[in-house]
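This report concerns only the one structure given below.
Quick note: the coordinates plus some simple rules give every number you see, no bench work behind them. These numbers were taken from a predicted model, which means no experiment stands behind them. Note that each Cβ is placed from the backbone with ideal geometry, even for glycine, and that neighbours are counted across all protein chains shown.
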Amino acid sequence: MASAPADHDRRLRAFGRGAALSFGLLSLAALAQLAGTGAAIALGIGFFLAGFAHGAAEHQSGTLRAFRLLDAAAYVLAGLAVAALFLAMPLAGLTLFLLLSAWHFQHSAGGDRLARWAYALTAVGGSALWQGEATAEIFAALLGQPIPQPWMLVLAVAGGAGLVLAIAALGRRPHGWSLIACVAATALLHPVLATGLAFFLGHAWPMQHAQARRFGWSEVIRAAAPTAIPAMLGALAIAAFVLVGILPLVWAAALAFGMATPHILTERLER
Ligand SMILES: CC1=C(/C=C/C(C)=C/C=C/C(C)=C/C=O)C(C)(C)CCC1
């Protein structure tokens, strides 16, 4: 059994690491934002890419292993089916995707239920709360159609609920660094950058870290790399095709939402 001082030391170190990671990434994001919108969006996408690996290994049955080729093919097929549905019904697709994302995010964040929902609703609705117009414009560009105002209002209300829960959670545990960083990001940063940061800091990194604590980093890398690297290269290729104008942004967005969805759906959703 760990002695009390050793336990205290360990917690102090984790506390320091949490603060350093949260404020380090927030500062990096603030610098990108100061450099301009292009840099902000690029870093936001970078956060999403860096988070790919947390879902790139098969981690359902208490073990961690690489996806087999057939698993990966089935995954891509399911992702393409969701992308096609997304193109056919963009607003319904986005609504379902955001609902699933909030559900998925609250599974992973640390802390009690209050803090987990505070994080999830902030990540999904925080930008709509603080920067409704800018967020609506981004969604409109991704969907290729204007976003109805009542829809944005509902998302902003979800973000407002996230803020209220965050204040309550921080009242109980004032050093919830990553929650503070996520709220600050959605209030101050470009919505793509804010959401990318929140996704990485509150979801992907803690999940990845938990896998590494359990199985060791070398095992995590061995299991995740065969799918994470092609997925990252694929996403970078899609971004490049959009930049040079040979892939419409709406298609790229449908692919991004589509490819993320099987990862969410293969989790135990009832928790
Ligand atoms: C709010 C918001 C966004 C939402 C992104 C989400 C909700 C991503 C979810 C990813 C998941 C769930 C990954 C799986 O682990 C965008 C599109 C960046 C545009 C800017 C505002």
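Things worth noting here:
- Compared with the alpha-carbon gap, the fully stretched path from Val242 to Leu69 is longer by 59.5 nm at 0.36 nm per residue.
- Mean Kyte hydropathy of -0.5 or more with a Cα span along the axis of at least 18 Å, helices from DSSP in the chain: 4-35, 37-51, 69-88, 90-108, 113-130, 149-172, 217-243, 249-265
- Globularity ratio of the chain, using Cα Rg and 2.2 N^0.38 Å: 1.00
- Along the axis of the charge dipole computed for the chain (Cβ charges of +1 for Lys and Arg, -1 for Asp and Glu, origin at the Cα centre), the listed residues Val220, Leu121, Met152 are led at the positive end by Val220.
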